[in-house]
Each structure stands twice: as structure tokens, then as C-alpha cells.
Amino acid sequence: MTAIAETLLPREQPVSLLDADGVVHADDAYERPDDEALLGAYRALVTGRRVNDQCYALVRQGRLAVYPSSHGQEACQVAASLVLSDQDWLFPTYRDSVAVMTRGVSPAEALVLLRGDWHSGYDPQRYRVAPQATPLATQLLHAVGVAHAAKLRGEPTVVMALCGDGATSEGDFHEALNFAAVFRVPVVFLVQNNEFAISVPLSRQTAAASLAHKAIGYGIRGQRVDGNDVAAVLSVVGDAVDRARAGEGPSLIEAHTYRMQAHTNADDDTRYRGRDEVAAWVARDPLVRVRTHLQAVGLLDEELDAEIADAAEETAAQLRAAMNTEVEPDPEDLFRYVFAERPPHLERQWQQLRDELERNEGIER
Ligand SMILES: Cc1ncc(C[n+]2csc(CCOP(=O)(O)OP(=O)(O)O)c2C)c(N)n1
Ligand SMILES: [Mg+2]
């Protein structure tokens with residue numbers, strides 16, 4: 001193998017620092033994050049899990065329209081945000097609400113989209129978090145554009161672009177990686193391979209040795225990481241961010257994880273996958289693994305764990321309170337903010353809708 005291929009190809013096995021029992025294994029290239037970073041990640045994981053489970057309940061109560069849960073993928077979610085600096089940008093998908101919240105957006109603001117109230121509940125510029133994208137892989141091109149602009153301006157910004165395994169089959173994925181590679185823009189592509197795109201398994205998505213092996217075709221570095229090992233994800237993704245900031249160009253990282261729940265509340269996953277498979281992954285819970293490690297090395301006692309759980313409970317309570325308030329969206333908002341002056345065809349549509357609303361609900365305007 002040529003020297004260049006060796007630097008670009010991912011490992012045969014995903015990088016792992018903590019084994020299933022929380023024991024640290026030394027790695028030649030990647031270090032275990034320091035105590036403070038791991039404890040911070042654990043806090044974010046506990047909060048993320050609590051929010052995921054709260055959102056599941058809110059859907060069942062009719063308070064959220066839909067929730068694509070990242071239950072089981074929280075190590076990827078929190079690491080993707082924790083490795084970023086203030087000036088960096090995050091480009092999330094519909095499944096990445098916990099990554100968005102870890103970046104500082106409040107759960108109530110983050111969930112405006114999934115409640116169906118508005119396109120985004122937070123100011124992307126303020127948090128440097130793009131709106132969560134539903135059309136697959138489109139956000140990767142936007143991410144590359146922002147990273148390219150930052151490079152042209154000489155700013156030290158790095159962009160974290162998230163997508164799922166299914167999204168790697170989209171044309172946009174190819175265009176984003178190719179442009180980023182050719183222009184060496186400071187972007188990190190983090191693919192959360194959770195084994196499914198709704199009901200379609202990874203085996204129907206690619207014939208490549210792994211998704212990370214696609215990187216060498218673009219001439220960029222690829223790496224694979226155990227996505228349920230928060231220490232490894234922090235280390236591998238953090239290294240890619242450092243390289244991007246140092247001008248070494250983009251990376252493609254595949255995090256091997258699992259979607260432990262159905263795609264969304266509208267999906268019945270018992271129709272296409274066995275319970276044994278799900279149970280095997282539940283046993284590899286990212287939260288339990290790092291908790292076991294932190295307890296074993298004396299960084300987490302019962303008191304601190306209870307304090308962290310209470311803080312997560314408080315976050316869930318605030319979220320419930322926010323979601324239980326009634327919002328009354330103005331139907332005319334559908335027609336606002338698109339054009340400075342509303343074109344005649346949209347004005348006609350609004351008049352039609354208004355007439356209909358007045359007829360059906362007797363609303364006064
Ligand atoms: C361009 C486009 N095509 C199809 C869909 C419908 N769709 C929504 S989610 C999804 C599966 C995506 O799977 P993956 O990228 O693995 O992400 P995951 O949901 O597993 O996080 C599909 C096909 C879409 N949102 N956008
Ligand atoms: Mg997937």
C-alpha cells in the first residue's frame with residue numbers, strides 16, 4: 001500500500017477506547033479525553049437521554065408532532081458538539097436534537113420545528129447551529145459552503161456536518177465531499193451509522209467495506225469509531241476538528257452505533273428487525289459504559305450521579321412546561337417572510353385560505 005493510502009484509509013476495526021465494561025484500552029493514535037471532558041460528556045449524555053425519553057412521551061401525549069429519537073446515539077450527539085469551539089458551526093439533521101441542545105440551544109427552542117410551530121425555534125447565527133435539516137444530505141452542501149467562506153475570509157472556523165448512513169447514498173453527499181476535498185475546506189463529516197434508514201438496512205445502502213472507506217476516493221482521511229464509546233468519539237472527532245483547523249482539510253468519520261427505537265413514532269420497527277438484534281445493542285448502551293468507567297476510576301460517586309440526574313430531571317420538567325403551553329400560530333405566517341412584497345398568486349392563495357378559515361371556524365379578522 002502506498003504511504004498516502006495508509007494515511008487516508010480507516011482502520012479495519014472502529015477505534016474504541018472504553019470496552020463494554022468501561023475498561024480503558026490504550027490506543028497508539030487516540031488518547032482518552034481528560035477527566036473533566038469525560039465528566040462533562042457524561043452530564044450531557046444523561047441530559048440527552050432524559051430529553052430523548054421525555055420527547056417520546058410528549059409525542060404520545062400529542063404535544064410534539066414527531067420525534068426522531070437519538071436514544072442510544074447520545075455519545076455521537078454530545079461529542080459532535082463538545083469538540084467545537086464558539087466560532088465553529090454545527091449542521092444537524094432532524095435526528096440531532098440532542099447535539100443542538102448540547103451546543104446551548106434550550107430544549108424548548110430546539111423542539112419548535114418538531115412541534116410543527118415554525119421552521120426553527122432558535123437563531124442559527126447566535127448559536128452557530130444551522131436549522132435541523134429534514135431533506136437528506138442537503139445540509140452537507142450548506143456546511144461545506146460555510147466552511148469554504150470561512151477559509152476564504154481567513155477565519156479559524158471549523159464546520160461539523162452530521163448525516164446518517166442512508167444519507168450517504170444521496171448525490172448531495174458526493175458533491176459535498178468532493179468539493180470539500182478539492183478545496184480543502186475545514187469541515188468534518190460525521191456519519192452516524194445507526195444501521196438503518198427507516199426500514200432499509202445498511203447492507204442495501206452500500207457495497208463499500210465501510211462508509212468511512214469512501215473517504216479515500218475523495219482524497220480525504222477516513223476513520224471509523226465505536227459510536228457508543230463517548231471517549232473514543234470525543235477523541236477521534238476532536239482530532240479531525242484539530243486537523244481541519246490546522247489547514248489539513250476535511251475528514252469523513254463513521255460512528256458505528258444503533259437506532260435503538262423506531263425511526264419515529266410513525267414507524268413500527270418490529271416489522272423489519274428482530275428483538276434479539278435490538279437487545280444486543282441495548283446491552284452496549286453508551287451511557288452505562290462511561291458511567292461504569294467513571295465509577296471505577298473514582299470520578300463518579302452516588303451523590304454526584306444523583307446531582308447529575310436531578311439536573312437532567314429539571315431540564316425535562318422545564319421542557320414539559322414549555323410544551324404544555326398552547327401556541328396559536330398565525331396562518332398568514334405561511335405567506336410572510338418569503339418575498340418583501342407578496343406576489344399576486346400568493347396573495348390570491350392567502351385570500352382563499354382566509355375565506356376558508358372564516359367559513360369553517362368563524363374566526364374574525
Ligand atoms: C431527500 C430525501 N429523501 C427521502 C427522505 C425521507 N426520509 C426521511 S428519513 C429517511 C431515512 C434516512 O436514514 P439515515 O440517513 O440513515 O438517517 P437516520 O434516520 O437513520 O438517522 C428517509 C429516506 C428525505 N427526508 N429526504
Ligand atoms: Mg440511519
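Listed values, structure above:
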item	result
Only listed residue being at pLDDT below 95 and out of contact with any His (no Cβ under 9 Å at 6 or more places or on another chain), chosen from ARG320, ARG336	ARG336
Residues located in region 83-114, provided they are of a type in the set (D, E, K, R) and crowded, with 20+ Cβ neighbours inside 10 Å	ASP88, ARG95, ASP96, ARG103
Residue in region 72-82 that is surrounded by fewer than 17 Cβ atoms within 10 Å (Cβ to Cβ), outside any loop (DSSP other than H, G, I, E, B) and modelled with pLDDT of 95 or more present	no
Filter result for GLY40 (surrounded by fewer than 24 Cβ atoms within 10 Å (Cβ to Cβ) and at positive phi)	no
Positions within region 53-70 being surrounded by fewer than 22 Cβ atoms within 10 Å (Cβ to Cβ) and within 15 Å of ligand 1 (Cβ to nearest atom), in sequence order	ALA65, VAL66
Cβ-Cβ under 6 Å pairs, at least 6 apart or on other chains, region 192-220 side within 15 Å of ALA167 (Cβ to Cβ) and within 15 Å of ligand 2 (Cβ to nearest atom), far side aromatic (Phe, Trp, Tyr) and at pLDDT 95 or above	ASN194/TYR258; GLU195/TYR258
Some residue of region 262-272 being assigned to a helix (DSSP H, G or I) and in contact (Cβ under 8 Å) with a residue 40 or more places away in the chain	yes
Qualifying residue in region 145-167 (condition: in contact with a strand residue (DSSP E or B) (Cβ under 6 Å, 6 or more places away or on another chain), within 16 Å of ligand 1 (Cβ to nearest atom), in the same structural domain as ARG49 (by TED's automatic domain parsing) and part of a helix (DSSP H, G or I))	yes
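The values are calculated or read from the model by the stated rules, or taken from the named source; none is laboratory data. What you see is a predicted model; the values in this text were computed from it and never measured. Glycine also receives a Cβ, built like all others from the backbone with ideal geometry; neighbour counts cover every protein chain displayed.
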